[in-house]
Amino acid sequence: MTLPDAAAPTSLEMPHWRRQVLRRCAGEGGDRFAGLFGVAEGEESIRLTAVLFPPDAEDPVLLESVLGPGERAYPALSPELPAAFWYERVLHDLFGVRPLGHPRPDPLLLPLADPGRAPLPGSARTPVPVEPDEQAIPRAVTGHGVFTIPHGPVRSGVVESVEYLVETPGEDIPRVQIRVFHKHRGVSKRFEQLAPDDGVLMAERVEGIASVAHALAFCHAVERCTGASVPWPAQLVRVLHAELERVANHLDVMVKLTDAAGLAVATARFGLHKERVLRLTGRLCGSRFGRGVVVPGGVRALPALRPAELHEELGLLEAAVASDWRAAMATPSFLDRLRTTGPLAPVLARAHGALGPIGKASGCAPDARYERPYDAYTALGLGPLPEHAVGDAQARTQVRGSEISQSFHLLHQITEELRGLPGGIDGLRSEVPNGVTGQALGWAEAPQGEVLYLLRLEEGRVTRCVPRSASFHNLVLFHEVFAGDILTDFPFIEASFGLSIAGVAV
């Protein structure tokens, strides 16, 4: 069974494709560039797909161009569209496609290649072990006394594997290089030939701290591709778990920020609140990360707690979080470390299409819950967030505080809606047609920002699935925010970004 492609891609010859992408993204009111993805077709061809979001439309624009047999190069977008910078490096790493004129086409996901070794899953090229050679560390900043600090990939505490090469004359940080290849897992390849019900299990594990958001984006792609609808009770349950995930993530950022500031009591308090949210989620569905809830066509079950009991627990939790958040944001020693630290210029945030709290703190506020609402977000009252434009660590923290308040407001609405549902509900999942062939783009708003899934089904099986997390889209901006900052500011800037390296190096 073949359905019309929900993503409705437009295929263009390469010169026209490049002109169209640049033209549509040009200027203040142009389309928002959301990603550039490659798909291998057979043994010879590579299909490039650019995802754009027009400012006045809910549906995305997909522009495609095929590099045929023998073609492995095209004029790079990055010189005129900096937001494509990392996307084109990934194309070079995974498919050997050379973006001609790219300002820095060095490897991002696969640092080296050796034709004599078996390829990693999902990779057209092959890495070899990277030997620690201090002389091989690339340098871009030169001058008297300048040296490079390789920060990571293994660091103190429970943090993800990422290497920051900090080039410094001693205290100031003029430049940071980012190496994320330690986390690359070939995720796209692992989706291939899975049924949608199995694919959602993989999606939940792409970026563990945003398991619900990734499951939603994947299922939305499946549902758009197959024409399946989601019952209203299931829509409520989906948003319930998505907002609990948002609260837990923002509390985790506050744990890291207060810990960096040496505020032991605040660190313990916010760690306690985060644990309470995770335990509540576990009581609702059996998983602290909300896994196993979202499935194509709906959800598996209603929350295990009665709405009245859930409403009471949420009220107690909200009051405790709000009290401690106010206390932290009124602590002068804490604010001194956040104010003016790691500012992201609004003009740069808008040009890049910065996502989530990072973008909102710099006056760039794409949010899929508003722009392209899904599930119960279409009916619930989100309410506007306060506007910010400073773009520093303090503004990013303030955005997260506002989002937590907003999330509790939504959670209370959901419990009231669940309270009003009739007993003995069976319709929590609609039927997803089998054997469908088609393509669709799915999205959801994770705590870090917009998540995208570009999905292709053939006779009901996944033949290509490309996840794009907000972490990948935003992390490239990390090296742009060290304006006059020093080494002791580094943990505050990193924590205020609140990103996941696993979500970057998929």
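The values are calculated or read from the model by the stated rules, or taken from the named source; none is laboratory data. Everything numeric in this text was worked out from a predicted model, so none of it was measured. Using ideal geometry, Cβ is built from the backbone for each residue, glycine included, and neighbour counts are taken over all protein chains shown. The protein model used for the area step is the full one, side chains on, heavy atoms only, and it has no ligands, DNA or RNA in it. Shrake-Rupley method; radii C 1.70, N 1.55, O 1.52, S 1.80 Å.
Within region 77-92, which residues are without any contact (Cβ under 8 Å) to a residue 40 or more places away in the chain and not in a helix (DSSP H, G or I)?
Result: Ser78, Pro79.
Has region 369-377 got any residue that is in contact (Cβ under 8 Å) with a residue 12 or more places away in the chain and touching a strand residue (DSSP E or B) at 6+ places or on another chain (Cβ under 6 Å)? Quick ask: steps written out before the conclusion?
Quick first cut of region 369-377, residues in contact (Cβ under 8 Å) with a residue 12 or more places away in the chain only: 369-372, 374-377.
If we keep only those that are touching a strand residue (DSSP E or B) at 6+ places or on another chain (Cβ under 6 Å) as well, we get 369.
Yes, that holds for at least one residue.
All but one of (1) surrounded by 24 or more Cβ atoms within 10 Å (Cβ to Cβ); (2) more than 28 Å from Val399 (Cβ to Cβ) hold for Phe218, so report the exception by its number.
Answer for Phe218: the failing condition is (2).
So for region 5-20 (the condition being among the aliphatic types (A, V, I, L, M) and either part of a strand (DSSP E or B) or in contact with a Cys (Cβ under 7 Å, 6 or more places away or on another chain) (or both)), does at least one residue qualify?
So the first thing to find is which residues in region 5-20 are among the aliphatic types (A, V, I, L, M), and the list is 6-8, 12, 14.
With either part of a strand (DSSP E or B) or in contact with a Cys (Cβ under 7 Å, 6 or more places away or on another chain) (or both) added as a condition, the list becomes 6.
Checked region 5-20: at least one residue is among the aliphatic types (A, V, I, L, M) and either part of a strand (DSSP E or B) or in contact with a Cys (Cβ under 7 Å, 6 or more places away or on another chain) (or both).
List pairs: first in region 262-275 and on the phi > 0 side of the Ramachandran plot, second surrounded by fewer than 21 Cβ atoms within 10 Å (Cβ to Cβ) and in a helix (DSSP H, G or I), Cβ under 9 Å, 6+ apart or cross-chain?
Within 9 Å, the pairs are Gly262/Ser333.
When you scan region 302-329, how many residues do you find that are closer than 16 Å to Glu417 by Cα and among the aliphatic types (A, V, I, L, M)?
Counting residues in region 302-329 that are closer than 16 Å to Glu417 by Cα and among the aliphatic types (A, V, I, L, M) gives 6.
Look through region 467-495, keep the residues that are β-branched (Val, Ile, Thr) and surrounded by fewer than 23 Cβ atoms within 10 Å (Cβ to Cβ), and return whichever of them is modelled with the highest pLDDT. Even if it seems obvious, please write down each step before you answer.
Within region 467-495, the first condition is being β-branched (Val, Ile, Thr), and the residues that meet it are 476, 481, 486, 488, 493.
From what's left, surrounded by fewer than 23 Cβ atoms within 10 Å (Cβ to Cβ): 476, 486, 488.
Numbers: Val476: 94, Ile486: 85, Thr488: 90.
Only one residue tops the list, namely Val476.
Take region 449-466 and flag every residue that is farther than 17 Å from Ala8 by Cα and open to solvent by 10 Å² or more (accessible area, probe 1.4 Å).
From region 449-466, those farther than 17 Å from Ala8 by Cα are 449-451, 459-463; that's our starting set.
Glu459, Gly460, Arg461, Thr463, listed by residue number.
Give me the residue from region 345-374 that is open to solvent by less than 20 Å² (accessible area, probe 1.4 Å) and of a type in the set (A, V, I, L, M, F, W, C) and, out of that set, nearest to His220 (Cα to Cα).
Ala368
Just the residues that are among the hydroxyl-bearing types (Ser, Thr, Tyr) and either open to solvent by 40 Å² or more (accessible area, probe 1.4 Å) or outside any helix (DSSP H, G or I) (or both), please, taken from region 272-312.
Filtering region 272-312 down to residues among the hydroxyl-bearing types (Ser, Thr, Tyr) leaves 281, 287.
If the condition is that a residue be among the hydroxyl-bearing types (Ser, Thr, Tyr) and either open to solvent by 40 Å² or more (accessible area, probe 1.4 Å) or outside any helix (DSSP H, G or I) (or both), then Ser287 is the only one that fits.
Can you tell me which residue within region 32-70, out of those that are touching a Ser or Thr at 6+ places or on another chain (Cβ under 9 Å) and surrounded by fewer than 14 Cβ atoms within 10 Å (Cβ to Cβ), is nearest to Arg468 (Cα to Cα)? Even if it seems obvious, please write down each step before you answer.
Quick first cut of region 32-70, residues touching a Ser or Thr at 6+ places or on another chain (Cβ under 9 Å) only: 35-39, 47-50, 61-69.
Then keep just the ones that are surrounded by fewer than 14 Cβ atoms within 10 Å (Cβ to Cβ); that gives 68-69.
Values: Gly68: 25, Pro69: 27 Å.
Looking at residues that are touching a Ser or Thr at 6+ places or on another chain (Cβ under 9 Å) and surrounded by fewer than 14 Cβ atoms within 10 Å (Cβ to Cβ), I get Gly68.
Checking the conditions here, which among Arg205, Arg269, Arg224 is of a type outside the set (Ser, Thr, Tyr), assigned to a helix (DSSP H, G or I) and either touching a Lys or Arg at 6+ places or on another chain (Cβ under 8 Å) or under 26 Å from Val436 (Cβ atoms) (or both)? Don't jump to the end; show me each part of the working.
Details: Arg205 fails: assigned to a helix (DSSP H, G or I); Arg269 fails: either touching a Lys or Arg at 6+ places or on another chain (Cβ under 8 Å) or under 26 Å from Val436 (Cβ atoms) (or both).
One residue alone meets the criteria, Arg224.
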